[in-house]
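These notes concern the structure reproduced below.
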Amino acid sequence: MIRVQREDFDPGAEIARLSAGHGDVGAVASFVGLVRGTGALTLEHYPGMTERQLAALEDQARRRWPLLDLTVVHRFGRLGAGERIVLVAVASAHRAAAFEACEFLIDWLKTRAPFWKLEEAPDGARWVEAKADDDRRAERWSSGGESGKN
Amino acid sequence: MKLLYFAWLRTRIGTGEEDLTPPPQVATVAQLVEWLKMRGPGYADAFANPALVRAAVNQDYAPFDAPVAATDEVAFFPPVTGGGVEGEGAP
């Protein structure tokens, strides 16, 4: 399931939902991204393309690993320091697929999902620049290995 | 053709969305960028450094040599910065 929304989400409830009623689920791996630091930031996104790109990522993850279910929730709008931005949670029979698919999804989400961050600081607001490191992390998954680790 | 601009492109151009009719010789994303730059200083500023601009045609990422048609939705934006945590070693 993919959700793009303004509202906050409850990671515990989302994880519980992934394993409820699924006798085959042996592992749920998850990631929560937060607004780091002391300032607020505003997330702008491209409605339509966001859902499309996230759905394509879900499709890739399901083809590549034996997944039973997954949830991605990404917020947009103005978020305060410490607030939750994104959740990736993956359910599988065993932990290797759950861990790897979860990392794959967040690594690729950071390079493919059309969001842009405007950071507030005492001296004004600035658009956060994409990081070369994000591209490198995402590209690790393309060399065909099971694990994205160097 | 529906044009969409995000983040600082939107700020420099002054709008996030517009409907335009480029001339028929505008057949690729790159040609569209060149045509847009001539519309005013905000556009020229937004597209001054193509290395900082990404494009999508009909909500799929497109290289600058991708074709564009009059009925397409074309968006321009900086490299994306979604997700939660800053990259390792970020200040």
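Enumerate the pairs (first residue in segment A:77-104 and of a type in the set (Asp, Glu); second residue anywhere and open to solvent by less than 40 Å² (accessible area, probe 1.4 Å)) with beta-carbon separation below 7 Å, excluding pairs fewer than 6 apart on the same chain, so at least 6 apart or on different chains.
A:GLU83/A:VAL35; A:GLU100/A:TRP65; A:GLU103/A:GLY148
Give the number of residues within segment A:42-95 that are touching a strand residue (DSSP E or B) at 6+ places or on another chain (Cβ under 9 Å), under 26 Å from B:GLU73 (Cα atoms), away from chain B (no Cβ under 11 Å) and among the acidic types (Asp, Glu).
Total satisfying the criteria: 1.
In this structure, is B:VAL74 open to solvent by less than 20 Å² (accessible area, probe 1.4 Å), in a strand (DSSP E or B) and away from chain A (no Cβ under 11 Å)? If you could, list the steps in order and put the result at the bottom.
Numbers: open to solvent by less than 20 Å² (accessible area, probe 1.4 Å): yes; in a strand (DSSP E or B): yes; away from chain A (no Cβ under 11 Å): yes.
Criteria met by B:VAL74.
Would you mind telling me which numbered condition in (1) without any contact (Cβ under 8 Å) to a residue 12 or more places away in the chain; (2) small (Gly, Ala, Ser); (3) open to solvent by 40 Å² or more (accessible area, probe 1.4 Å) B:GLY83 fails?
So B:GLY83 meets the others, but not (3).
Out of A:GLY12, A:GLY80, A:GLY39, which single residue is more than 28 Å from B:LEU9 (Cβ to Cβ) and surrounded by fewer than 20 Cβ atoms within 10 Å (Cβ to Cβ)?
A:GLY12 is the lone residue from the list that is more than 28 Å from B:LEU9 (Cβ to Cβ) and surrounded by fewer than 20 Cβ atoms within 10 Å (Cβ to Cβ).
For residues that are part of a helix (DSSP H, G or I), open to solvent by 30 Å² or more (accessible area, probe 1.4 Å) and touching a residue at least 40 places away in the same chain (Cβ under 8 Å), tally how many sit in segment B:1-33. First the steps, then the outcome.
Here is the first cut: in segment B:1-33, the ones part of a helix (DSSP H, G or I) are B:7-13, B:29-33.
Still in the running and open to solvent by 30 Å² or more (accessible area, probe 1.4 Å): B:8, B:10-12, B:30-31.
From the residues that got through so far, the ones that are touching a residue at least 40 places away in the same chain (Cβ under 8 Å) too are B:8.
The qualifying residues number 1.
Pull up segment B:48-67, narrow it to residues that are part of a loop (DSSP other than H, G, I, E, B) and open to solvent by less than 20 Å² (accessible area, probe 1.4 Å), then point me to the one that is nearest to B:LEU36 (Cα to Cα).
Filtering segment B:48-67 for residues part of a loop (DSSP other than H, G, I, E, B) gives B:48-49, B:53, B:58-59, B:63-66.
Still in the list and also open to solvent by less than 20 Å² (accessible area, probe 1.4 Å): B:53, B:66.
Details: B:VAL53: 13, B:ALA66: 16 Å.
It comes out as B:VAL53.
Applying the selection to segment A:105-127, what residues are assigned to a strand (DSSP E or B), touching a residue at least 24 places away in the same chain (Cβ under 8 Å) and charged (D, E, K, R)?
If the condition is that a residue be assigned to a strand (DSSP E or B), touching a residue at least 24 places away in the same chain (Cβ under 8 Å) and charged (D, E, K, R), then A:LYS117, A:GLU119, A:GLU120 are the ones that fit.
The values are calculated or read from the model by the stated rules, or taken from the named source; none is laboratory data. The structure presented is a predicted model; accordingly, all values stated were derived computationally and were not measured. Note that each Cβ is placed from the backbone with ideal geometry, even for glycine, and that neighbours are counted across all protein chains shown. When the accessible area is computed, the model is the full protein with side chains, heavy atoms only, and any ligands, DNA or RNA have been set aside. Shrake-Rupley method; radii C 1.70, N 1.55, O 1.52, S 1.80 Å.
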